[in-house]
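Reviewing the structure listed below.
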Amino acid sequence: MARQVIPVEFNKKRFTKKEKESRLAAERKLKGNANRIRCPSWLDEEAKKEWRRLVKELKELNLISNLDTGALAMCCDAYSKYVLATSKTNDTTLVGVHTNKAGAKNLIVNPYVMVAQKYADMYKKYCAEFGLTPASRYKFTLPKQEEKEETPFDRMFGGV
């Protein structure tokens, strides 16, 4: 499994000035433009509504670029299909009865429940990628630096 990439401003590792500048330059280069973020035409109405909601929020946080449109479209499509499967589940029962060839009756889970669960998991994974869950947003917060009182030793020797 690949290591998680942490932006320089959130990284706790101590970098030299040269390392920090080169990493910041590389991050700026990978950021990408946000001038062509358009909703794909193949999304249904529910997905388009979710698209507009998410793009508005992500633009305010400066977390979206042109490169993210495909993944965001899949996220919105998963949301739309989750809503559809959930509404179908609400129209029927959660558990059905199946009679096999021998005449025995078995309880089976409604297939829409499994479909809804699949799309809920998919939506949750995409949301985590875009920083739309509380846990993923927490990763972006800066750790609060505690200010220490300067001791006479620190004043005299400069924290050596």
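Note on region 126-160: among residues that are among the β-branched types (V, I, T) and at pLDDT 75 or above, the one that is most open to solvent (accessible area, probe 1.4 Å) is T151.
Considering only residues in region 84-103 that are touching a helix residue (DSSP H, G or I) at 6+ places or on another chain (Cβ under 9 Å) and of a type in the set (D, E, K, R), the one that is nearest to K49 (Cα to Cα) turns out to be K88.
Output yes when any residue across region 65-80 is among the charged types (D, E, K, R), more than 16 Å from the chain's Cα centre (by Cα) and on the phi < 0 side of the Ramachandran plot, and no when none is. Scanning region 65-80 turns up no residue that is among the charged types (D, E, K, R), more than 16 Å from the chain's Cα centre (by Cα) and on the phi < 0 side of the Ramachandran plot. Here Y123 clears all of (1) of a type outside the set (D, E, K, R); (2) open to solvent by 60 Å² or more (accessible area, probe 1.4 Å); (3) assigned to a helix (DSSP H, G or I); (4) modelled with pLDDT of 85 or more except the condition numbered (2).
Among the residues of region 62-78, is any β-branched (V, I, T) and in contact with a strand residue (DSSP E or B) (Cβ under 6 Å, 6 or more places away or on another chain)? So far as region 62-78 goes, no, none of its residues is β-branched (V, I, T) and in contact with a strand residue (DSSP E or B) (Cβ under 6 Å, 6 or more places away or on another chain).
Each residue in region 23-55 was checked for being small (G, A, S) and either open to solvent by 100 Å² or more (accessible area, probe 1.4 Å) or at pLDDT 85 or above (or both), and 2 of them qualify. So, in region 104-140, how many residues would count as being among the small types (G, A, S) and over 24 Å from V55 (Cα atoms)? Number of matching residues: 1.
Take region 57-91 and flag every residue that is open to solvent by 10 Å² or more (accessible area, probe 1.4 Å) and over 30 Å from K29 (Cα atoms). Listed by number, the residues that qualify are Y79, K81, Y82, V83, L84, T86, S87, K88, T89, N90, D91.
The values are calculated or read from the model by the stated rules, or taken from the named source; none is laboratory data. The structure presented is a predicted model; accordingly, all values stated were derived computationally and were not measured. Heads up, the Cβs are rebuilt from the backbone with ideal geometry, glycines too, and the neighbour counts pull from every protein chain shown. These area figures cover heavy atoms from the full protein model, side chains too; ligands, DNA and RNA do not enter into them. Shrake-Rupley method; radii C 1.70, N 1.55, O 1.52, S 1.80 Å.
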